[in-house]
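Below is one structure, written out as structure tokens; the observations come after it.
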Amino acid sequence: MTAPVRTDRGSEELIRAEEPVLAHNYHPLPVVVARAEGAWVEDVEGRRYLDMLAGYSALNFGHRHPALIDTAHRQLDRLTLTSRAFHNDRLAEFAERLSALTGTDMVLPMNTGAEAVESGIKVARKWAYDVKGVPADRATIVVAADNFHGRTTTIVSFSTDETARSGFGPFTPGFKIVPYNDLAALEAAVDETTAAVLIEPIQGEAGVNIPDDGYLAGVRELTRRAGCLFVADEIQSGLGRTGHTLAVEHESVVPDVVLLGKALGGGIVPVSAVVGSREVLGVLHPGEHGSTFGGNPLAAAVGTAVVELLETGEFQRRATDLGEVLREGLDALVGKGVVRFRARGLWAGVDVDPALGTGREVSERLMREGVLVKDTHGSTIRLAPPLTVTAEELRGALGTLEKVLTAS
Ligand SMILES: *Cc1c(COP(=O)(O)O)cnc(C)c1O
């Protein structure tokens, strides 16, 4: 007999219950969320918090956006999964509209971000052998230090974060790591075996690390000249967050391949995709790559509804306008607990004075005041509220940050 599911436990009890049965690969803030709407979440006891993390940008449209929830409900009542052994009636429109939104030719639908990265790596390697003519098994991919591209064994092979790597070898060969935001180092690393340069246009997990203006255009120029692909990981930076559909648009750059995830699933289901030119994605033939769930009708329906929201431009505009409010608020806190910050659109990495506590400690204090954020490392916290947040809510959260930083 299985024990009955208990729903009458409080937050503290639920946190204690996780300890013996749940793998300890996370160290969550001690808040147990039970429901949410828009930019707000509510815990088991009914306490409300402003969500200033938005699922690492997976919730760009807020919790339970009505148009997305409605689409999901209607799709749940009709068809949820076919596998790619058969066609489904939602996939064509998803691919058409996502490729149109991103200005690309083709779409390879997957589920999680890490799968999109893995798929991007496979496609780049195959392109190197089939199109560029790199000798078999010699292709290299150049990546940046302090990257975050996911958690699979191949992806942690080229991480520079020892915590993410240590104990998980042996690692996948074929990657070269160069400093981020350094075109000379990139130039020196690229050679005739290079399949691709894979970078984040803004490094999210590294603390919203924004490269100098000209870097992304430089990467585009360099990769074009060297005859290798530019693969942009826009899983966190893309789909409205920076004020553009894609963060590379800040420098009017068009990569060969773009990796999307997180917000593409509307906060409802995991949806990711590799989008790119026909020359690159055209290298895949039946049987060479796949996914049981990739492109499933529920994911395609929700993904199409996400694309529909972005087609209006409303969310990109909100990110730009609210980004001004965020920047102004943070400017006012520099010297008052904030050492420095980096921001683009509605996305900021804030370095707090280490004397005031670690990023984790500041996050815990903010939580007790009704604002949820996440530290990245050291004394850096990341602010990435849903793009649906209001200016007033944002100012409220900045006021709470000021209170937390000046009270200690
Ligand atoms: C989150 C993230 C990933 C991995 O996505 P998962 O869905 O967690 O596998 C990859 N790249 C970037 C830039 C990310 O932010």
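The values are calculated or read from the model by the stated rules, or taken from the named source; none is laboratory data. Since this is a predicted model, take the numbers as computed values, not measurements. Cβ placement follows ideal geometry from the backbone for every residue including glycine, while neighbour counts extend to all protein chains displayed. Calculation scope for accessible area: heavy atoms of the full protein, side chains included, ligands and nucleic acids excluded. Shrake-Rupley method; radii C 1.70, N 1.55, O 1.52, S 1.80 Å.
Net charge of the neighbourhood of Ser119, taken over other residues with C-beta under 13 Å away and scored Lys/Arg +1, Asp/Glu -1, is -1.
What fraction of the DSSP beta bridges in the range 66-311 is antiparallel, stated in percent and rounded to the nearest 5?
Here the antiparallel bridges make up roughly 40 percent for the range 66-311.
Only helical runs count toward this figure. For the chain, summing -39,500 (n - 2.57) over DSSP H runs of n ≥ 4 and dividing by all residues gives -10500 deg cm²/dmol at 222 nm. Around the amide H of Val44, modelled in the peptide plane, lie the amide H atoms of Val32, Ala34, all under 5 Å away and 5 or more residues distant in sequence or on another chain. In the context of the full protein assembly, Val350 retains an accessible surface of approximately 0 Å², using a probe radius of 1.4 Å and ignoring ligands and nucleic acids.
Want the number for Arg35 to Ala355: 0.36 nm per residue separation, take away the alpha-carbon distance, what's left?
111.7 nm
Select from Ala247, Ala217, Ala116 the residue whose mean-square fluctuation is largest in a Gaussian network model of the chain (Cα-Cα springs shorter than 10 Å). Result: Ala217 has the largest fluctuation of those listed. Heavy-atom accessible surface of the chain, averaged per residue, reaches 45 Å², computed with a 1.4 Å probe.
For the range 6-55, just say rounded, prolate or oblate: build the C-alpha gyration tensor, square-root its eigenvalues into a ≥ b ≥ c, call rounded for a/c under 1.5, and beyond that prolate if a/b exceeds b/c, oblate if not. Oblate shape, in that a/c is at least 1.5 and b/c is the bigger or equal ratio. Remark: the chain is approximated by an ellipsoid whose semi-axes, taken from the C-alpha gyration tensor as √(5λ), come to 34, 27, 21 Å, largest first. Surface composition of the chain: carbon and sulfur make up 53 percent of the accessible area, probe 1.4 Å. Pairs exceeding a 24 Å alpha-carbon distance, out of Lys176/Lys262; Lys122/Lys262; Lys336/Lys374; Lys132/Lys262; Lys262/Lys336: Lys176/Lys262; Lys132/Lys262; Lys262/Lys336. Between the beta carbons of Val131 and Glu328, assuming R0 = 41 Å, the FRET efficiency works out to 0.30 to the nearest 0.05. Summing +1 for each Lys or Arg and -1 for each Asp or Glu among the other residues whose beta-carbon sits under 15 angstrom from that of Asp51 gives +3. Across all Cα pairs in the range 46-98, the calculated P(r) in 5 Å bins from zero up to the longest distance comes to 4, 14, 15, 20, 20, 12, 8, 4, 2, 0 percent per bin. Taking all Cα pairs closer than 8 Å and separated by 6 or more residues, the relative contact order of the range 30-137 comes to 12 percent. Dipole of the range 66-311 (Lys/Arg Cβ +1, Asp/Glu Cβ -1, origin at the Cα centre): which of Gln203, Val275, Leu108 lies farthest to the positive side? Toward the positive end, the furthest listed residue is Leu108. Computed with a 1.4 Å probe over protein heavy atoms only, the accessible area of Leu81 comes to about 80 Å². Rounded to the nearest Hz, the phi-derived 3J(HN,Hα) couplings of the range 333-340 under the Karplus curve 6.51 cos²θ - 1.76 cosθ + 1.60 (θ = phi - 60°) are 9, 5, x, 10, x, 9, 7, 6, where x marks glycine and proline. The dipole here belongs to the range 66-311: it is taken about the Cα centre, uses +1 on the Cβ of Lys and Arg and -1 on the Cβ of Asp and Glu, and is about 620 debye.
Candidates Leu298, Asn60, Ala384 compared by Cα position along the dipole of the chain: farthest toward the positive end lies Leu298, with charges placed on Cβ. Counting only protein chain heavy atoms and rolling a 1.4 Å probe, the accessible areas of Trp40, Trp127 rank, largest first, as Trp40, Trp127.
Specify whether the C-alpha gyration tensor of the range 107-235 places it in the rounded, prolate or oblate class, a ≥ b ≥ c being the square roots of the eigenvalues: rounded for a/c under 1.5, otherwise prolate if a/b is larger than b/c and oblate if not.
rounded
Close amide H partners of Ala144, meaning residues 5 or more places away or on another chain with modelled amide H under 5 Å apart, are Val178. The angle separating the long axis of helix 391-407 from the principal Cα axis of greatest extent in the chain is about 70 degrees.
Ligands, DNA and RNA excluded, the heavy atoms of Tyr180 present near 30 Å² of accessible surface to a 1.4 Å solvent probe. First check a/c for the range 202-307, with a ≥ b ≥ c the square roots of the eigenvalues of its C-alpha gyration tensor; if it is under 1.5, answer rounded, and if not, answer prolate when a/b is larger than b/c or oblate otherwise. Taking the square roots of the gyration eigenvalues as a ≥ b ≥ c, the range 202-307 is oblate.
Helix 11-21 and the longest principal axis of the C-alpha atoms of the chain enclose an angle of approximately 40°. Overall size of the range 270-369 from C-alpha positions, given as principal axis extents largest first: 58, 30, 29 Å.
Structural descriptor for the chain: relative contact order 23 percent, calculated from alpha carbon pairs under 8 angstrom and at least 6 residues apart.
To the nearest ten degrees, helix 113-127 and the longest principal axis of the Cα atoms of the chain are 10 degrees apart.
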